[in-house]
1. Residues that are within 16 Å of ligand 2 (Cβ to nearest atom), under 30 Å from residue B:162 (Cα atoms) and of a type in the set (Asp, Glu): does segment A:98-118 have at least one?
2. Quick check on my filter: what residues within segment A:25-67 are within 10 Å of chain B (Cβ to nearest Cβ) and small (Gly, Ala, Ser)?
3. Can you confirm whether residue B:176 is surrounded by fewer than 18 Cβ atoms within 10 Å (Cβ to Cβ), over 19 Å from the mean Cα position of the chain (by Cα) and either at pLDDT 90 or above or within 14 Å of another protein chain (Cβ to nearest Cβ) (or both)?
4. So, in segment B:124-164, exactly how many residues are of a type in the set (Gly, Ala, Ser), within 7 Å of chain A (Cβ to nearest Cβ) and in a helix (DSSP H, G or I)?
5. Please count how many residues of segment A:9-37 are within 16 Å of residue B:139 (Cα to Cα) and touching a residue at least 12 places away in the same chain (Cβ under 8 Å).
6. Among the residues in segment B:69-78, are any at pLDDT below 95, over 20 Å from the mean Cα position of the chain (by Cα) and either assigned by TED's automatic domain parsing to the domain that holds residue B:175 or surrounded by fewer than 18 Cβ atoms within 10 Å (Cβ to Cβ) (or both)?
7. Go through (1) touching a residue at least 60 places away in the same chain (Cβ under 8 Å); (2) among the polar types (S, T, N, Q); (3) facing chain B (nearest Cβ under 10 Å) for residue A:89 and report which single condition fails.
8. Quick test of your reading of the structure: residue B:60 fulfils all but one of (1) touching a residue at least 24 places away in the same chain (Cβ under 8 Å); (2) surrounded by 15 or more Cβ atoms within 10 Å (Cβ to Cβ). Name the failing condition by number.
Amino acid sequence: MPERREFLLKTFKSLGLAATGGLAWSGFIEEGRSAPLILRPPGALPEKDFLASCIKCGMCVEACPYDALVLAKPGDSKPVGTPYYTPRTNPCYMCRDIPCVPVCPTGSLDKTLVSEKGEDGELRLNINMAKMGIAVIDREICIAYAGIQCDACYRACPLIDKAITVEYTRNVRTGKHTIQAPVVHSDACTGCGLCERACVTRKASIFVLPKEIAMGQSSERYIKGWDEQDEERMKEATEKVTTQTPRSGRKALDYLNDEL
Amino acid sequence: MRKYKYQIPRRLLQTGILFVFFGGNAYGWSVLRGNLSSARVFDTIPLSDPFAVLQSFSAGAVIASDAVTGALVILLFYAVLGGRVFCSWACPVNMVTDLANRLRRLFSLDSVWKSWDIKRATRYWIIFLSVALSVILGVAAFEWISPIGALHRGIIYGFGFGWTLVLMVFLFDLFAVKNGFCGHICPLGGFYSIIGRFGFLRIGYDREKCTSCMKCIEICPEKQVLHMVGRESGAVVSGECVNCGRCIEVCDDDAVNFINIYSNKIHTKCKEG
Ligand code: SF4
Ligand code: SF4
Ligand code: SF4
Ligand code: SF4
């Protein structure tokens, strides 16, 4: 029996070691993965798929003529070896031929996400379709919102008048001037970050965040009746849904009067 | 010179590959672009690390054909060649662990510190763990912590804190376990052991010429593969042999040599021995 006992002990020892190692290892990975503020190159797959497929070869980095892209190094607190860019210092210049995308061997940067069908039915690269992130504005710090004339971000934007427009409102403080404030439009903004780089405040008042972080998500039940396209969704409604709450059984007047 | 007739070309190749990659990034040379994870030769032939691609697949990624083709090219190349040629002729970590080993010998550390007893088969467990964790976590698990990646990416794009990983491997090999990382832990080495099992380029041993000095066993980073030395003529069949040729270099009696294991000559030799 001692042989068998020894065998069992050894097996448990190995399993224990493997489990400990595996746990430490996955803890380390989870730690590094919780870096949601990372901005990926144009045409990147959704973050989860991107992390699974990117082989960390750096070919996108080498292809970028502006050296905007870098591979995350250990210590950057980003998933090690994956490409990203930092708009304030080195934004994406939205190259027309998007050299960083077709070189990707794994398809982590997907051409079809930044291509459009031309009239001849062929796919053509179009950098304006990129969705790397979205610029958001700190309206309390942005000097344009304070009534000081500045349009640095507006002029820097490659999609000027589409991704950023300037909106004119009355300056109620002086009573005789205009506030000319930049406004970002999420349908057009690619997240390139040229605006962030151009911003004149010490720390940029307009900055790029990943879309999932910066944007909310509406629920199906809100329909803008004044928007014809949105109104169409009414037709999809199939059944009448009544929300049940603990108060649903009683009349409003009754429970409102309860406290009296 | 004869003592280094393989070591010099090995080091030249290992550093050369890194140099060409570095130039690809820094000066736009087109010979090799990318790094050891995935690359392109003259902007056409794709090459990829098959173990990294395997992990990506396990993580549930849909991988474009370029990387898959590249992985097959590399897989086929090393499968035909045999042994762990990647380890001793291409991998930069090999230079680090060889240096640790050299220092161990120089200062006779083996007699001072008893090595930990880790099984050489640990690497196959780590392959299994790499794949299992890739499935569970949805990322290529070994690539995430690989000191090999940290080293070649470090040299090509800048280190960050990556050098700490490499230093860890160095210290582990120097103080803790002899041939610790490459001989026991590294799953990529284990992967190539499996791939290179049936390749043609192997080490042949001739009992007739051997004077039993055992220098080859002493120098070999994977001693277990030379079990026939002193006993009978034959060839190394284990895929764990890194094909570094150190045994050939240290042998004064021409008893060890690279051979084509499928040639008839060795078969008769084996029978004689
Ligand atoms: S579009 Fe141009 S500037 Fe932007 S990341 Fe790609 S290569 Fe670099
Ligand atoms: S080219 Fe593709 S696989 Fe290589 S680092 Fe860039 S995104 Fe990752
Ligand atoms: S608003 Fe900023 S991030 Fe968006 S496209 Fe314009 S410059 Fe780029
Ligand atoms: S065992 Fe691993 S680290 Fe060592 S040489 Fe082989 S691949 Fe490189």
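The values are calculated or read from the model by the stated rules, or taken from the named source; none is laboratory data. Note that the structure is predicted; figures quoted are calculated from it, not measured. Because the Cβ atoms are built from the backbone with ideal geometry, glycine has one as well, and the counts that use them run over all protein chains shown.
1. Restricting attention to segment A:98-118, the residues satisfying the condition of being within 16 Å of ligand 2 (Cβ to nearest atom) are A:98-114.
Right, trim to under 30 Å from residue B:162 (Cα atoms) and you get A:98-110.
Of the ones still in play, those that are also of a type in the set (Asp, Glu) are A:110.
Yes, the conditions are met somewhere in segment A:98-118.
2. Passing the criteria: A:26, A:32, A:52, A:53, A:58, A:63.
3. On the way: surrounded by fewer than 18 Cβ atoms within 10 Å (Cβ to Cβ): yes; over 19 Å from the mean Cα position of the chain (by Cα): yes; either at pLDDT 90 or above or within 14 Å of another protein chain (Cβ to nearest Cβ) (or both): no.
In short, no.
4. Of segment B:124-164, the ones of a type in the set (Gly, Ala, Ser) are B:130, B:132, B:134, B:138, B:140-141, B:146, B:149-150, B:154, B:158, B:160, B:162.
Checking which are within 7 Å of chain A (Cβ to nearest Cβ) leaves us with B:138, B:141, B:149-150, B:158, B:160, B:162.
After this cut, where a residue has to be in a helix (DSSP H, G or I) as well, the list is B:141, B:149-150, B:162.
Adding up the residues that qualify gives 4.
5. The first filter runs over segment A:9-37 and keeps only residues within 16 Å of residue B:139 (Cα to Cα), leaving A:22-36.
After this cut, where a residue has to be touching a residue at least 12 places away in the same chain (Cβ under 8 Å) as well, the list is A:32-33, A:35-36.
Residues meeting the conditions: 4.
6. yes
7. (3)
8. Of (1) touching a residue at least 24 places away in the same chain (Cβ under 8 Å); (2) surrounded by 15 or more Cβ atoms within 10 Å (Cβ to Cβ), only one is false for residue B:60: (2).
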